[in-house]
Amino acid sequence: MRHEGWLRKSKQYSLVYRRGRSWANSQLAMKVLPNDLNLTRFGISTSRRVGKAVVRNRVKRLLREILRSQQVKEGWDIVIIARPQSSNTTYERLGKSAEDLLARAGLFKSFYKEATEKINGDVDRS
């Protein structure tokens, strides 16, 4: 993911925190806000409750790699907030947790494409 694919300034984060919709599970929370751009920007937040610096940085590295591999719709600012339970989890569980939140928010490209192909496919058969 290129440099512009990340939220960098505290104003960007605070805007998403104030105006965005949220979803959560036991390991992660997610805030989402449309951004009127042709790209999706991600931000990752880990507090001291997650653990000491080494643990927080490990969780952030795992989340960055998970987010790089996801096909997400363009035009969104997404902040992923790590909860304390995320410090004791594996890459696979953290990935499933992030995928769950993105799916619940309806942000996957593949879900959108599959739905439109299914609708178009049903129309062509009739």
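The values are calculated or read from the model by the stated rules, or taken from the named source; none is laboratory data. Here the structure is a predicted model, which is why all the values come from computation and not from measurement. Counting neighbours? That spans all protein chains shown, and the Cβs are built from the backbone with ideal geometry, glycine included.
One residue alone among L67, L39 is under 20 Å from G106 (Cβ atoms), in contact (Cβ under 8 Å) with a residue 12 or more places away in the chain, aliphatic (A, V, I, L, M) and assigned to a loop (DSSP other than H, G, I, E, B), and that residue is L39.
Among the residues of region 42-64, those identified as among the hydroxyl-bearing types (S, T, Y) and either in contact with a Lys or Arg (Cβ under 6 Å, 6 or more places away or on another chain) or not in a strand (DSSP E or B) (or both) are T46, S47. The sole residue among N57, N25, N38 that is under 18 Å from K96 (Cα atoms) and either crowded, with 17+ Cβ neighbours inside 10 Å or of a type outside the set (F, W, Y) (or both) is N25. Mind listing whichever residues of region 1-32 are touching a Phe, Trp or Tyr at 6+ places or on another chain (Cβ under 7 Å) and modelled with pLDDT under 95? Result: G5, W6, L7. Would you please name the residue that is farthest from A24 (Cα to Cα), looking only at residues in region 70-101 that are without any contact (Cβ under 8 Å) to a residue 60 or more places away in the chain, in contact with a helix residue (DSSP H, G or I) (Cβ under 6 Å, 6 or more places away or on another chain) and assigned to a helix (DSSP H, G or I)? Only one residue fits best here, namely Y91.
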